[in-house]
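Report on the following structure.
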């Protein structure tokens, strides 16, 4: 167990280029197994989670070559049964997406993880995969390890009961690997990196949003309102059976979730100015930026363009006094990873900020709701815990304190930022958790200090 000491900074300034997006990096590695040609991933994420995906595809017969942030992946002629269990470490994305892919490929495999991952829910993917006739076993408690055996899969038309890109992606990879058609219907839109990458690799996939129309408001005939043709779902993702992936080069943008910590620091520390280049701006991931704008953030996006099917741009940020806003409803699934750092921002925002509909935070690497409440309380913030979120009353200044990451990279990074803005010294134990996603995080953070 390691700890890091953090002192208050008076100002930050600089220009950053960040490691590649974690979600996209996972998908490049895993989907390379299904490609017909070599895949080259530029700016592949350098954290432990994404390295587990690389080791997994190597165990399944792919050749993996790493060179200064670029990874070359040569797919096998056929996906082989691994010699032993595939270690997913702390990566739920690796385990859940790989489970669908291997179930579709007819492979015998056992997927294992660390203590944290072995307690996270797997029923959410196991049930729909079994509807496809997958032979997958998660024991009586529906948690890891997952045991997968060959099965003859069938097509599926599945309406998602909860917002989860991992469920959606697991089913799409099962369809790709087995040659079966898959239709996913989303009630709440989730990150769409898998759909974009399938299209980038030449796969046959289409996305259809439910049509809407303008009708008289029954409560006030003088007004109009927009309604959907169906309330059952908002978007359908349709994968054709037998679609093939070609492969090729993927340029991975900087990770927006990692950028969120540096953005928050620039907003919290007076006289700060920061530019972050080549950040992913996928609209199913950018709710964090939308919320910040509504809170009054000084934030400008420049140089918008597209890389390998993903929108990117440069983000310029400077200090601002933010206003409190309620964070709840359909927006939450698209900023679930950024809620811990939003909570830190809320702690120095005038007024009271309420976070609801975020119960998914309970089943991450740690119970992030409880972790946020515990650490903010130690820093002198009035915060109330809710079943699906928390209520935070903003304070003028945070107080340095001894905090715990609870083994969670996002808690460690969020409260490192809090420590940079707090009076006195902050100590974070279990600080090695950042290696999961951004091993150089503390070095980059200190490099901005003036």
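Spin-label model, residue 321/residue 219: points 7 Å from Cα along the beta carbon direction are separated by 3.4 nm.
For residue 36 and residue 377, a Förster radius of 56 Å and the Cβ-Cβ distance give a FRET efficiency of 0.55, rounded to the nearest 0.05. Each peptide in 88-98, 196-206 was scored by the mean count of other Cβ atoms within 10 Å over its residues; highest first, the order is 88-98, 196-206.
With Cα atoms as the point set, the radius of gyration and Dmax of segment 373-450 evaluate to 12.9, 40 Å.
Would you mind calculating the relative contact order of the chain from Cα pairs under 8 angstrom and at least 6 residues apart, reporting the percent as a whole number?
Values: 1084 pairs, mean separation 82.6, N = 450.
The value is 18 percent.
How much length would be gained if the chain were fully extended between residue 397 and residue 301, taking 0.36 nm per residue of separation minus their Cα-Cα distance, in nm to one decimal?
My answer for the length gained is 31.7 nm.
Two numbers describe the Cα atoms of the chain: Rg and Dmax, which are 21.9, 69 Å.
For segment 283-355, taking Cα atoms only, Rg and Dmax work out to 13.2, 42 Å respectively.
Computed across segment 153-289, the Kirkwood radius stands at 17.8 Å (inverse of mean 1/r, all Cα pairs). Between the C-alpha center of segment 21-89 and that of segment 143-213 there is a gap of 20 Å.
Taking the Cα atoms of segment 1-155, the ratio Rg/Rh between the radius of gyration and the Kirkwood radius comes to 1.05.
Given their separation in residues at 0.36 nm each and the Cα-Cα distance between them, residue 388 and residue 330 gain 19.5 nm when the chain is fully extended. Centre-to-centre separation between the Cα atoms of segment 229-264 and those of segment 298-344: 17 Å. Hydrodynamic radius of segment 22-251 by the Kirkwood approach over all distinct alpha-carbon pairs: 18.2 Å. Taken over segment 212-287, the convex hull of the Cα atoms encloses 214 Å³ per residue. So which residue, out of 15, 35, 438, gets the largest mean-square fluctuation from a GNM of the chain using Cα contacts under 10 Å as springs? Most flexible of the set in this elastic network: 15.
Note on 307, 265: ascending count of other Cβ atoms within 10 Å places them as 307, 265, the fewest first.
Relative to the longest principal axis of the Cα atoms of the chain, the long axis of helix 92-105 makes an angle of roughly 10 degrees.
Taking label positions 7 Å along the Cα-Cβ direction at both residue 362 and residue 199, the computed distance is 3.6 nm, reported to one decimal. Were the residues from residue 81 through residue 423 laid out at 0.36 nm apart, the gain over their Cα-Cα distance would be 117.6 nm.
Highest-first packing order for the peptide set 3-10, 49-56 is 49-56, 3-10, based on the mean count of other beta carbon atoms within 10 Å. Taking other Cβ atoms within 10 Å as a rough exposure proxy, 120, 191 sort from fewest to most as 120, 191. From least to most packed, judged by other beta carbons within 10 angstrom and beginning with the fewest, 354, 369 follow the order 354, 369. With the biggest extent put first, the Cα atoms of segment 207-345 measure 52, 49, 26 Å across the principal axes.
None of the figures in this text is laboratory data; all of them are computed from the coordinates on show. Computed from a prediction, not measured in an experiment: that's the story for all the values here. Note that each Cβ is placed from the backbone with ideal geometry, even for glycine, and that neighbours are counted across all protein chains shown.
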